[in-house]
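Readers should treat all values here as calculations from the given coordinates under stated rules, not as data from a laboratory. Keep in mind it's a predicted model, so treat the numbers as computed, not measured. As a convention, Cβ positions derive from the backbone with ideal geometry for all residues, glycine included, and neighbour counts pool all protein chains shown.
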Amino acid sequence: MLSASFLQSDLFNWLILPLFIFLARTCDVTLATLRNVFIARNIRKIVPFLGFFEVLIWLVAITQTVKNLNNIVSYIAFAGGYSMGIYVGLAIEERLALGKQVIRIITNQDTSGLISALRNANMGTTVIDGHGSKGPVKVIFTTLKRKDVQIVDEMISQHTPGAFYTVEDIRNSSMGVFPENPNENRYSFLKALLPGGVNRS
């Protein structure tokens, strides 16, 4: 147990307590950010667990802040932890690379190499003829997992450098052709949170 004298010391009140509030707030806002991301990505079974720990940690942080209303550093730590939690949550979401996206590629170059590369990578590809401001073009659509966007970006740079393309999020999709991984399951993305983990499933 911590002694009463230590709990009333300047070290505790102006450093340890604010640091504790900052870390607690960072954790609960990180969980809140991930909870919203999982809901948006239709990964719902894990959400109640995140919500439980999010509120539990928030209660601890707000209780300590209210108990020390005369400590302005606690206010700053509370607000700073909120901002840091958003940053950390978004950084984790970026690392997880959840969801699917569609890439639309428009170019007047020879697309045979790019199309072959996409199909050899087992990425569903739809090609249509179009007409741009400078003449005939090919429009290529491919729907893929978000973690594979960088791979397609490299294919575009290699086979059709300078091609115009856009990347858009997909809320829901049905069927489709995607690279297969026999070790993949609905929660394989959590491996990316492990030290050195990279979401390649």
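Annotation: extensible slack from Ser116 through Gln158 equals 13.9 nm (criterion: 0.36 nm per residue apart, minus Cα-Cα distance). Share of Cα-Cα pairs in region 10-96 beyond 20 Å, in percent? When every Cα pair of region 10-96 is considered, 36 percent fall beyond 20 Å. Expressed in Å, the radius of gyration and Dmax of the Cα atoms of region 30-165 are 23.0, 70.
Straight-line reach from Lys45: taking Cα to Cα under 19 Å and skipping same-chain neighbours fewer than 8 places apart, the aspartates and glutamates in range are Asp28, Glu54, Glu93, Glu184. Listed from fewest to most Cβ neighbours within 10 Å, the set Trp14, Trp58 follows the order Trp14, Trp58.
Taking a virtual spin label 7 Å from the Cα of Val167 along the C-beta vector, which residues in region 111-150 bring their backbone nitrogen under 12 Å of it? Those under the cut-off are 144-150. Scattering from the C-alpha atoms of region 100-173 alone, worked out with Debye: what is log10 I(q)/I(0) at q = 0.28 1/Å? Normalising to I(0) and taking log10 leaves -1.46. Among the trypsin sites (Lys or Arg not before Pro) found in region 41-86, those both in a DSSP coil and sparsely packed, with 12 or fewer other Cβ atoms within 10 Å of their Cβ, are Arg44, Lys45.
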